[in-house]
Amino acid sequence: MRAVVGFLAGALVALAVAAPASAGPPTDQVRQYTDQVQKILEDPALRSADKRAAVRKVAVEVFDVNETARRALGPHWQTRTPGERNEFTQLFADLLERTYISKIDLYRGERLRYTSENVDGEFAIVRAKVITNKGVEVPVEARMLKRGEHWLIYDIAIENVSLISNYRTQFDRIIRTASFGELVRRLKENRDQFLNEKPSQAGRTS
């Protein structure tokens with residue numbers, strides 16, 4: 001699984017093979033993203049830090065962070081002020097970066113085989129399988145939203161486990177047992193490890 005996480009850390013980085021003939025714009029968009037990041041990861045002239053910086057730049061264009069943050073906060077989003085939403089979105093983006101982009105060094109040339117694409121208005125799901133170096137196939141989904149002429153990723157699912165659902169469950173637990181202020185505090189002070197902490201009384205201001 002570490003190899004899969006490393007793979008997804010690079011924004012669905014892989015060598016795309018056997019894409020379905022019926023693939024449309026969403027799949028084409030994912031393929032474009034993966035091609036960009038693949039070139040970065042396989043460039044021997046780049047140091048690890050430079051690769052992470054380059055992948056981060058692509059990720060900004062790939063992911064709809066505002067949509068991802070809104071969905072990750074769930075019903076609590078509606079009760080937050082515009083300022084709180086902006087702060088949370090920035091902190092959540094940083095969390096994603098620390099959790100995933102920092103792991104791109106785990107990439108070892110896994111491949112991605114697209115299997116299907118479903119479009120429903122402005123929403124789309126691109127399904128694929130990550131093929132590890134040991135030949136294990138892991139199903140993944142890129143859930144996308146159309147913004148203008150581009151399709152952006154707002155969620156990724158690995159073996160039917162949604163990135164957003166995982167964070168939403170944990171965020172909800174922290175807010176309900178402590179407060180939104182406590183969630184923000186943990187995001188600020190221990191961004192990549194805060195989910196393992198036990199709820200405390202700190203930040204009980206909301």
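Read-outs throughout are calculated quantities, based only on the coordinates presented, and are distinct from any laboratory measurement. All of these numbers come straight from a predicted model, not from anything done at the bench. Virtual Cβ from ideal backbone geometry, glycine too; neighbours counted across all protein chains shown.
General observations
- Cβ-based net charge around VAL161, under 13 Å, with every Lys or Arg adding one and every Asp or Glu removing one: -1
- Under the simplified labelling scheme, the ASN66-ARG173 pair shows an inter-label distance of 3.1 nm, with each label point 7 Å from Cα along Cα→Cβ.
- Listed by chain and number, the aspartates and glutamates whose C-alpha is less than 16 Å from the C-alpha of LYS146, apart from same-chain residues fewer than 8 away, are ASP28, GLU61, ASP64, GLU67, GLU117, ASP120, GLU122, ASP155.
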